[in-house]
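See below for the structure under consideration.
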Amino acid sequence: MSTRTISGHRAGARPPQDAAAGFGSLLRAEWTKFRTVRGWVIAMVIAALMMAGIAMLDHSTCGGTAVPGGPSITGFGCSFPVGPGGEAVTDSFYFVGEPLTGNGSITARVTSLAGAGLQPWSKAGIIVKAGARQGSAYAAMMVTARHGVRMQYDYTGDVAGRPGAVSATSPRWLRLVRSGDVLTGYESADGTRWTMVGTAQLGGLPASVQAGLFAASPASSHTISQSITGSSAAGALTLTTARFDHVSVSGGRPGGRWAGDAVGGSSPSEGYHRSGGTFTVSGTGDIAPLVSNGTPVERTLLGAFAALITVIVVGAMFMTAEYRRGLIRVTFAASPART
């Protein structure tokens, strides 16, 4: 007859436990210990606010501009003008013009577009704008440094016209015609035969708008360092200077004189000069949707160092105050061997 030996547990040995269940109990116990001390919880909330708050208050890389009296989009301490479609825009240029009331048109010939550090989208031409406020509705006919003639409107609309650069031997005639809320753009090589470039419906144009000449040139930019957390770039203002002649405005208007205005800011180099029927206009900036390269990771972590000090202090107190406060009993209740 065979016998079978049944072995039991050794004296003093604990039955095996489910590892996952044991870890869950221990985690709940440690969380209970932590939230029991109100000062620790408050310190961790302050650390989170420091991390977010310092980044929000940083203005060191803010490219936005304040928009007094106008709508704006704000983020990370920056304020940007808002276009008619609700998008953040760049609206900065030098303008020379006069009021235009009701229907009418503006015509001008551009004979040169030049400047130090000229950018591909450096531009100059004629513009009809709802007002001088940044982000207001507009339509413009323009010549650009490398993209030929364009009709642009309300910051997102863009229609290509004749390609090629402008010069004294190859000038560009530009015309904008207003009929209610509709602006139609034309171009010509000789001022006689005109070609329609495009039309734009600008909702809610006031009876009196601003019509005139403008010049703008985006800032140059190049990356100077790059890392896994982001990149840094350096840029400089650029200036474009355009020469206009055969300038005329037709239609009802209050009869105001031509006046210059640096929309969205000013630079000592911006301005205009008039000699008889010839205007020379110099400007910086751009009229376009706001282009963002995203928020660098390091900028969102500006407050991390200060917050980390707070977290380290709380962590040290959490570990060293267990016995003094009697909180160690909670740990042993969940895991007697404290594995």
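What are the residue pairs meeting all of these: first residue in region 307-333, first residue touching a residue at least 12 places away in the same chain (Cβ under 8 Å), second residue of a type in the set (S, T, Y) and surrounded by 12 or more Cβ atoms within 10 Å (Cβ to Cβ), Cβ atoms under 9 Å, and 6 or more apart or on different chains?
Pairs that qualify, where the first residue is touching a residue at least 12 places away in the same chain (Cβ under 8 Å) and the partner is of a type in the set (S, T, Y) and surrounded by 12 or more Cβ atoms within 10 Å (Cβ to Cβ), are E322/T331; R325/T36; L327/T32; L327/T36; V330/T32; V330/T36; A333/S25.
Considering Q152, Q134, which residue is surrounded by 21 or more Cβ atoms within 10 Å (Cβ to Cβ), in a strand (DSSP E or B), of a type outside the set (A, V, I, L, M) and in contact (Cβ under 8 Å) with a residue 24 or more places away in the chain?
Going through Q152, Q134 in turn, just one is surrounded by 21 or more Cβ atoms within 10 Å (Cβ to Cβ), in a strand (DSSP E or B), of a type outside the set (A, V, I, L, M) and in contact (Cβ under 8 Å) with a residue 24 or more places away in the chain: Q152.
Is it true that some residue in region 318-333 is modelled with pLDDT under 90, part of a loop (DSSP other than H, G, I, E, B) and exposed (fewer than 15 other Cβ atoms within 10 Å of the Cβ)?
Yes, region 318-333 contains at least one residue that is modelled with pLDDT under 90, part of a loop (DSSP other than H, G, I, E, B) and exposed (fewer than 15 other Cβ atoms within 10 Å of the Cβ).
If you take the residues in region 166-196 that are part of a loop (DSSP other than H, G, I, E, B) and surrounded by 16 or more Cβ atoms within 10 Å (Cβ to Cβ), which one is farthest from the chain's Cα centre (by Cα)?
Quick first cut of region 166-196, residues part of a loop (DSSP other than H, G, I, E, B) only: 166-171, 180-181, 189-194.
If we keep only those that are surrounded by 16 or more Cβ atoms within 10 Å (Cβ to Cβ) as well, we get 166, 171.
On the way: V166: 31, P171: 35 Å.
Restricting to residues being part of a loop (DSSP other than H, G, I, E, B) and surrounded by 16 or more Cβ atoms within 10 Å (Cβ to Cβ), the top hit is P171.
Can you name the number of the only condition in (1) at pLDDT 95 or above; (2) open to solvent by 60 Å² or more (accessible area, probe 1.4 Å); (3) touching a Lys or Arg at 6+ places or on another chain (Cβ under 9 Å) that T199 fails?
Among (1) at pLDDT 95 or above; (2) open to solvent by 60 Å² or more (accessible area, probe 1.4 Å); (3) touching a Lys or Arg at 6+ places or on another chain (Cβ under 9 Å), the lone unmet condition for T199 is (3).
Taking the conditions exactly as written (in contact with a Phe, Trp or Tyr (Cβ under 8 Å, 6 or more places away or on another chain), open to solvent by less than 50 Å² (accessible area, probe 1.4 Å) and modelled with pLDDT of 80 or more), does V247 satisfy them or not?
For V247, the condition - in contact with a Phe, Trp or Tyr (Cβ under 8 Å, 6 or more places away or on another chain), open to solvent by less than 50 Å² (accessible area, probe 1.4 Å) and modelled with pLDDT of 80 or more - is met.
One line per residue, one yes/no per condition, for (1) within 30 Å of V143 (Cα to Cα); (2) modelled with pLDDT under 75; (3) under 27 Å from the mean Cα position of the chain (by Cα):
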| site | (1), (2), (3) |
| --- | --- |
| G235 | yes, yes, yes |
| S269 | yes, no, yes |
| G277 | yes, no, no |
| V291 | yes, yes, yes |
| A304 | no, no, yes |
| I309 | no, no, no |
| G315 | no, no, no |
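Can you tell me which residue in region 62-103 is least open to solvent (accessible area, probe 1.4 Å), limited to those that are polar (S, T, N, Q) and at pLDDT 90 or above?
S92
The values are calculated or read from the model by the stated rules, or taken from the named source; none is laboratory data. Every value quoted in this text rests on a predicted model; they were computed, and no experiment measured them. We place every Cβ from the backbone using ideal geometry, glycine too, and count neighbours over all the protein chains shown. All accessible areas refer to the heavy atoms of the entire protein, side chains included, with ligands and DNA or RNA removed. Shrake-Rupley method; radii C 1.70, N 1.55, O 1.52, S 1.80 Å.
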